[in-house]
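Report on the following structure.
The values are calculated or read from the model by the stated rules, or taken from the named source; none is laboratory data. Note that the structure is a prediction, hence the values are computed from the model and not measured. Quick reminder, even Gly has a Cβ in these numbers, built from the backbone with ideal geometry, and neighbours come from all protein chains shown. Side chains included, ligands, DNA and RNA excluded: accessible areas come from the protein's heavy atoms. Shrake-Rupley method; radii C 1.70, N 1.55, O 1.52, S 1.80 Å.
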Amino acid sequence: MRIVFLGVGALGSTTAVLCRALDASFALVDFDKVESKNLSSQAFVKQSLGKNKAEALKAQLLNFYGLKVDAFGVRLTAENIVQLLDGAGLVVDCFDNAASRKIVSEHARAKGLPLVHAAISGDGSFGIVRWDAHFVPDAEDHAGQATCEGGEHLPMIGLLAATLARTIQDFVARQEQRDSMVGLKSVTVTS
Amino acid sequence: MAILNITYNGLSADYPIELDGRVADADLKRIAVEVVRSGDVPGLHLPNLPVAAFDGFVIDRLQGGHRLYLRPKVPFGA
């Protein structure tokens, strides 16, 4: 199965690393570059600074684990989504904006592609893993709202990424689709 | 009978609630403030919870409206 990660920042990069042992092939999509502020909350190492996130994670997965993946260092749009998701058996949405999430949902629904979303609150206290049938993207409260870039939220990012990785694992193994929400004290399966 | 799950400051708890038809989001948020303040939600008792605590929160209505989730917005991922 080909798994396409859309957005490999905090949640996407951490989840991709946790999925490295799955019997699947992987593609990473992200237009952004690794900045020093990302090192405390994302799976990137110092040697990746300045590189495109998708390309940097591709290099890390190869160098650290011998895992070969595809990387696309571009911004997903309605124009290129067909190419980026070509051959996907599962799409994992870890984007940080509602507009991109909508584009992905519309495409996945039209094509019947399995799509799972992961999303975290701005204060890092709460997150969800939700399959597309039950998902509605939340907009930022205001443009430029603070995100979970500080290391303070790394444990929560890890918890949510682990929940997402396990959800992906169960889908790969049994086609199971399970929604969860993650708080500071618990992981709760919601469907 | 429906279950209203309330998440606040990273803590979540369930509150069984009788609803007569569809209840507006604003009313559910008002009810949530009252029951969290009063201690009727096990594990989530906040007597001084602000009236506006759930402004900007989202309500998911799942399982035909029998499971309601009052939660913070989750705009971020990457």
Scan the range B:3-14 and report the pairs whose first residue is more than 9 Å from chain A (Cβ to nearest Cβ) and whose second residue is of a type in the set (Phe, Trp, Tyr) and assigned to a strand (DSSP E or B), with Cβ atoms within less than 7 Å and a gap of 6+ or a chain change.
B:LEU4/B:TYR15; B:ILE6/B:TYR15
Filtering the range A:173-191 for residues that are within 11 Å of chain B (Cβ to nearest Cβ) and either in a loop (DSSP other than H, G, I, E, B) or open to solvent by 70 Å² or more (accessible area, probe 1.4 Å) (or both) leaves a count of 8
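Got a sec? Which of A:ALA108, A:ALA78, A:ALA99, A:ALA118 is at negative phi, in contact with an Asp or Glu (Cβ under 9 Å, 6 or more places away or on another chain) and assigned to a helix (DSSP H, G or I)? Full working, then the answer.
On the way: A:ALA78 fails: assigned to a helix (DSSP H, G or I); A:ALA99 fails: in contact with an Asp or Glu (Cβ under 9 Å, 6 or more places away or on another chain); A:ALA118 fails: assigned to a helix (DSSP H, G or I).
None of the others qualify; the one that does is A:ALA108.
Only one of these is outside any helix (DSSP H, G or I), within 11 Å of the chain's Cα centre (by Cα) and modelled with pLDDT of 95 or more: A:LEU22, A:LEU28, A:LEU11, A:LEU67. Name it.
Details: A:LEU22 fails: within 11 Å of the chain's Cα centre (by Cα); A:LEU11 fails: outside any helix (DSSP H, G or I); A:LEU67 fails: within 11 Å of the chain's Cα centre (by Cα).
Exactly one residue qualifies, and that residue is A:LEU28.
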Can you tell me which residue among A:ILE168, A:ILE157, A:ILE120, A:ILE128 is crowded, with 17+ Cβ neighbours inside 10 Å and away from chain B (no Cβ under 11 Å)?
A:ILE168
Qualifying residues in the range A:131-149 (those that are open to solvent by less than 30 Å² (accessible area, probe 1.4 Å) and within 7 Å of chain B (Cβ to nearest Cβ)) - the one modelled with the highest pLDDT:
A:ASP138
Checking A:ASP23 against (1) open to solvent by 20 Å² or more (accessible area, probe 1.4 Å); (2) closer than 19 Å to A:ILE157 by Cβ, the condition it does not meet:
(2)
Given the conditions (1) touching a Leu at 6+ places or on another chain (Cβ under 8 Å); (2) more than 16 Å from A:ALA139 (Cα to Cα); (3) hydrophobic (A, V, I, L, M, F, W, C); (4) free of Cβ contacts under 8 Å to residues at least 40 places away in the same chain, report the number of the one that B:ILE59 does not fulfil.
(2)
One residue is enough: does the range A:56-67 have a residue meeting the conditions within 11 Å of another protein chain (Cβ to nearest Cβ) and open to solvent by less than 40 Å² (accessible area, probe 1.4 Å)?
no
Could you please let me know if A:GLU79 is under 22 Å from A:PHE171 (Cβ atoms), more than 14 Å from every other protein chain (Cβ to nearest Cβ) and open to solvent by 40 Å² or more (accessible area, probe 1.4 Å)?
no
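For the condition surrounded by 14 or more Cβ atoms within 10 Å (Cβ to Cβ) and facing another protein chain (nearest Cβ under 8 Å), what is the one hit in A:ALA98, A:ALA108?
Working: A:ALA108 fails: facing another protein chain (nearest Cβ under 8 Å).
It is A:ALA98.
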Answer residue from the range A:31-42, given it is free of Cβ contacts under 8 Å to residues at least 60 places away in the same chain and in a helix (DSSP H, G or I) and is most open to solvent (accessible area, probe 1.4 Å) among those
A:SER36
Of all residues making up the range B:42-66, the number that are within 12 Å of chain A (Cβ to nearest Cβ) and either in contact with an Asp or Glu (Cβ under 8 Å, 6 or more places away or on another chain) or hydrophobic (A, V, I, L, M, F, W, C) (or both)
6
Which of the numbered conditions does A:THR77 fail, given that it passes all the others? Conditions: (1) under 20 Å from A:THR15 (Cα atoms); (2) touching a residue at least 12 places away in the same chain (Cβ under 8 Å); (3) not small (Gly, Ala, Ser).
(1)
Can you tell me which condition A:GLU152 does not meet? The list is (1) surrounded by fewer than 18 Cβ atoms within 10 Å (Cβ to Cβ); (2) under 18 Å from the mean Cα position of the chain (by Cα); (3) within 25 Å of A:LEU39 (Cβ to Cβ), and all the others hold.
(2)
